[in-house]
Amino acid sequence: MARDDFNSDTRTVGLARLANSLEETYGSFINMENTNSKGEARREVLITRCIAAHAVRMYGDELDPGVAAASVCDGSDDGGIDAVYVNPSSKKLILVQSKYIKDGNGSVTIKDFGRFKDACAKVIANDLNSFNDRFLEHKESVTTAITSSSYKCICVFIYSGTQGLSSEVIGEIDFWEKSQNKALLFRDLESRDEYTILFETPNVTDISTSLSNQSTGAIDISNVILESYGEITEPYGAIYGTIAARVIHDWWKKYKYALFEKNIRSVLGDSTSVNAGIMSTIENSPENFWYYNNGITATYEEVDESIANAGASRKIGIFGFKKLNIINGAQTVSSIGAIFDSIPEEKKDKARVMIRFINAKDPVFLGDVTKYNNTQNRVTGRDFTTQRPEQQKIQREINFVGGYTYKLLRQEDSGIAASNVIDIDDSLNALICESKKPQLIATLKSNRGRFFDTTEGNLYEQVFNPRNPPSGISVINAVNLYRVCFDVLKDTITKASNSSEDEYSKIPSLLTHGNYVFISILMGKIQPINTVNGIKTYDKNSVSFDTLELAKSIFEYIQSNYPNSYLARFFQNKEKVEQIITHFSS
C-alpha cells in the first residue's frame with residue numbers, strides 16, 4: 001500500500017471538515033428515502049452519497065450540485081453503482097462507486113475493484129436489468145451513450161482515504177482498461193488518451209482540492225478567435241496571435257483568479273504603477289494597447305483547431321484550449337477586467353492584446369516556463385518560493401483541514417487579511433518566533449529577504465525543512481498564536497504611549513525595534529484557551545501577566561548590560577537576541 005503523506009492530526013481534522021463541507025454542498029439534495037439507518041450510521045450513508053455526487057461534478061462537467069445529487073442511485077439494491085450521469089454536451093457517461101473511509105486510513109482493495117468493474121462491465125454491455133429503479137431512471141440516456149461511438153465512459157471509484165492504491169490494484173485497473181478498450185475498438189491502443197473507457201480512482205486529496213478551489217474541473221475554453229496568428233511545432237507546440245480585449249474581459253468575468261493557478265505572482269492589484277498604466281492605456285488609448293503592453297502567456301495541455309484554419313491564410317484562426325492557465329500577464333488580464341465595463345462602447349473593440357499559448361503538458365517544462373516567464377515586474381525570491389514542494393504540501397494540508405486558506409500567491413487583497421487566511425510571510429514570522437532561534441530572529445529583523453535569496457539550504461530550510469516540513473495544523477497554530485501576541489504587543493505600545501510616567505517613555509521604541517523578540521517571548525508564555533481537533537484558540541484577554549512591566553524589565557536589562565546600545569541595531573545581533581530570549585523566557 002502506498003504510504004500516507006498526511007500528518008495524523010491533520011488527517012483527523014481534515015476528514016471531519018471535509019465531511020461537513022460535502023454535506024453542506026450536497027446534503028440537502030440527496031435522496032435518503034431508501035435507508036432506515038439512524039444517527040451516525042445514517043450520516044455515514046449521507047456522506048457516502050455526497051462523495052458520489054461530487055465525483056459526478058469532478059468528472060462529468062456538471063456545475064449544479066442539485067443535478068449531481070440527483071444522479072445518486074446508492075442503495076442495498078444498487079448493483080454496484082452508486083451514481084450514474086450522462087452529459088450529452090461533453091459526451092460523457094459517468095459511473096461512480098464511492099467509499100467513505102471515516103478515519104482516512106484505507107484505500108481501494110482488490111475486492112472493491114472487482115465488484116465495481118463487474119458492475120461497469122454490465123453497463124458497458126448495456127445489460128441494465130440488475131440495477132435499481134433510481135439507476136433505471138437514466139436508462140434511455142445511458143443506452144444512448146453506450147451505443148454511441150462519440151461518448152467516453154468514465155468509471156470512477158472515489159474514496160476518502162489518504163493512502164494510494166497498491167501495485168496489485170493498479171495492475172488490475174490497467175489490465176481491465178486495456179481489455180475493455182480492445183474489446184470495444186477491436187485493436188490495441190498505444191496511448192490512454194485514445195481510450196473510450198477510463199477507470200479513475202480519486203482519493204481524499206483530489207476531493208479536498210476540488211472543493212477548496214470551488215471548482216471541479218480545469219479551465220477549457222473553446223472558440224478562441226486569434227487574428228494574424230502563427231504556430232510553432234518544435235521543440236514544443238505553441239500558437240500566438242492577437243486577441244480582442246473584450247474576450248479577455250469575458251474570461252476574467254467567468255473565471256477570475258482560477259485563470260492564474262500557476263502564476264507565481266498572480267495579481268498584485270491596481271495599487272501598482274504597472275496596473276495603473278495598463279488601465280490608463282485601455283481607457284485613453286485603446287488602439288495603442290497592443291503596442292504598449294507586453295501581452296499574455298498561457299499554457300495548455302490540449303488544443304482543438306477549427307477546420308476553418310485549414311486554408312493558407314493566417315488572418316483569422318479559431319482554437320479551443322484545454323486546461324488553460326495564464327502564467328504571465330495576470331496584471332494585464334485583471335486590469336482589463338477591472339476597467340473594461342467603464343469605458344465607452346465605441347472604444348471597447350479597439351483594444352487588442354498580443355497572446356501566446358504554449359503546450360506545457362510536461363510538468364517539468366511547465367515549471368520552467370512559469371519560472372522564466374516571471375522575471376519582470378518585481379518578482380522576488382519570495383514569489384519563486386511558491387513553487388517549492390514543501391510550501392505546496394503545507395497548502396494542501398491547510399486546505400484539507402478546512403476553515404483556513406494558505407495563500408501562496410501575492411494578490412491584490414494583500415492588505416488586511418482575514419483571520420482564517422495565512423500566507424508565506426505569516427508562516428515565516430510565526431515559525432521563526434516560535435522557534436526562539438536567535439540567528440533566525442535577528443535575520444528576520446535585519447534582512448528578511450535573505451530567507452528567500454536562495455531556498456536551498458541555509459536560512460530558508462531551517463524554517464521550512466523540505467525533508468520534514470511543518471504540518472498544516474502546526475502552521476495554523478503558530479500563526480494564530482503569533483497574531484494574538486502581535487495584538488498584545490500593539491496594546492502594550494498603546495499603554496506605554498498613553499502613560500504619563502517617564503519610565504515607560506522608551507517602551508514604544510523598544511517594542512518597535514524588538515517586536516520579534518518580544519513576540520517570541522510572549523509565544524512561550526501565552527497558553528491556548530481551547531483546542532478542537534488539534535487547532536488551538538488563543539485570546540489576548542486571557543493573558544495573566546503585565547506585558548507593560550515585562551517590556552519595562554527588558555528595557556532595564558538592556559540598559560544595565562548594554563548601556564550604550566542603539567536599539568535599532570541591538571535586535572539585529574544574534575548574541576544579544578539570544579541573551580534576551582534566554583533571560584526572559586524562563
**OP:** Looking at (1) modelled with pLDDT of 90 or more; (2) in a helix (DSSP H, G or I); (3) surrounded by fewer than 21 Cβ atoms within 10 Å (Cβ to Cβ); (4) not hydroxyl-bearing (Ser, Thr, Tyr), find the lone condition where Ala308 falls short.
**Re:** (1)
**OP:** Please find, within the stretch 536-583, the residue that is surrounded by the most Cβ atoms within 10 Å (Cβ to Cβ) out of those that are part of a helix (DSSP H, G or I) and hydroxyl-bearing (Ser, Thr, Tyr).
**Re:** Thr547
Original post:
Is there a residue being under 30 Å from Pro389 (Cα atoms) and either touching a residue at least 60 places away in the same chain (Cβ under 8 Å) or buried (at least 20 other Cβ atoms within 10 Å of the Cβ) (or both) anywhere in the stretch 487-498?
Top reply: no
**OP:** Sort through Glu461, Glu503 and tell me the only one that's over 15 Å from Cys433 (Cα atoms) and in contact with a Lys or Arg (Cβ under 7 Å, 6 or more places away or on another chain).
**Re:** Glu503
Subject >> Near pairs, Cβ below 8 angstrom, 6+ apart or cross-chain, from the stretch 232-258 (free of Cβ contacts under 8 Å to residues at least 60 places away in the same chain) to any residue that is among the aliphatic types (A, V, I, L, M) >> reply: Ile232/Ala238; Ile232/Ile239; Val247/Val224; Val247/Ile225; Tyr255/Ile219; Ala258/Ile219
Original post:
Within the stretch 165-216, how many residues turn out to be of a type in the set (A, V, I, L, M) and over 31 Å from the mean Cα position of the chain (by Cα)?
Top reply: 4
Original post:
With respect to Ser335, is the statement that it is crowded, with 20+ Cβ neighbours inside 10 Å, modelled with pLDDT of 75 or more and in the same structural domain as Ile278 (by TED's automatic domain parsing) true?
Top reply: yes
Original post:
Out of curiosity, is Thr144 assigned by TED's automatic domain parsing to the domain that holds Leu93, in a loop (DSSP other than H, G, I, E, B), in contact (Cβ under 8 Å) with a residue 40 or more places away in the chain and among the β-branched types (Val, Ile, Thr)?
Top reply: no
**OP:** From (1) at pLDDT 80 or above; (2) surrounded by 15 or more Cβ atoms within 10 Å (Cβ to Cβ); (3) not β-branched (Val, Ile, Thr), pick out the condition that doesn't hold for Asn374.
**Re:** (1)
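The rows are residues; the columns are (1) touching a residue at least 60 places away in the same chain (Cβ under 8 Å); (2) among the basic types (Lys, Arg).
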{"residue": "Gly27", "(1), (2)": "no, no"}
{"residue": "Glu33", "(1), (2)": "no, no"}
{"residue": "Arg43", "(1), (2)": "no, yes"}
{"residue": "Tyr59", "(1), (2)": "yes, no"}
Original post:
Looking at (1) more than 30 Å from Pro235 (Cα to Cα); (2) modelled with pLDDT of 90 or more, can you tell me which one Arg356 breaks?
Top reply: (1)
Original post:
Among the candidates Asp133, Asp74, which residue alone is free of Cβ contacts under 8 Å to residues at least 24 places away in the same chain and either under 32 Å from the mean Cα position of the chain (by Cα) or farther than 21 Å from Ile47 by Cβ (or both)?
Top reply: Asp133
Original post:
Which residue, of Lys38, Lys92, is without any contact (Cβ under 8 Å) to a residue 12 or more places away in the chain and not assigned by TED's automatic domain parsing to the domain that holds Lys323?
Top reply: Lys38
**OP:** Note down all Cβ pairs under 7 Å where the first residue falls in the stretch 181-194 and is touching a residue at least 40 places away in the same chain (Cβ under 8 Å), the second is surrounded by fewer than 10 Cβ atoms within 10 Å (Cβ to Cβ) and not hydroxyl-bearing (Ser, Thr, Tyr), and they're at least six residues apart or on different chains.
**Re:** none
Original post:
Does Tyr257 meet the test of being aromatic (Phe, Trp, Tyr), surrounded by 15 or more Cβ atoms within 10 Å (Cβ to Cβ) and modelled with pLDDT under 75?
Top reply: yes
Original post:
Inside the stretch 392-409, can you point out the residues that are assigned to a helix (DSSP H, G or I) and of a type in the set (Lys, Arg)?
Top reply: Lys393, Arg396
**OP:** Inspect all residues belonging to the stretch 154-168 and state whether any of them is in a helix (DSSP H, G or I) and in contact (Cβ under 8 Å) with a residue 24 or more places away in the chain.
**Re:** yes
Original post:
With Pro508, Pro528 as the choices, which residue is surrounded by fewer than 20 Cβ atoms within 10 Å (Cβ to Cβ), in contact with a Lys or Arg (Cβ under 7 Å, 6 or more places away or on another chain) and not aliphatic (A, V, I, L, M)?
Top reply: Pro528
Original post:
Of the residues that sit in the stretch 452-476 and are aromatic (Phe, Trp, Tyr) and assigned to a helix (DSSP H, G or I), which one is modelled with the highest pLDDT?
Top reply: Tyr460
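The values are calculated or read from the model by the stated rules, or taken from the named source; none is laboratory data. Just so it is clear, the structure is predicted and the values come from calculations on it, not from any experiment. In this analysis, Cβ positions are derived from the backbone assuming ideal geometry, glycine residues included, and neighbour counts consider all displayed protein chains.
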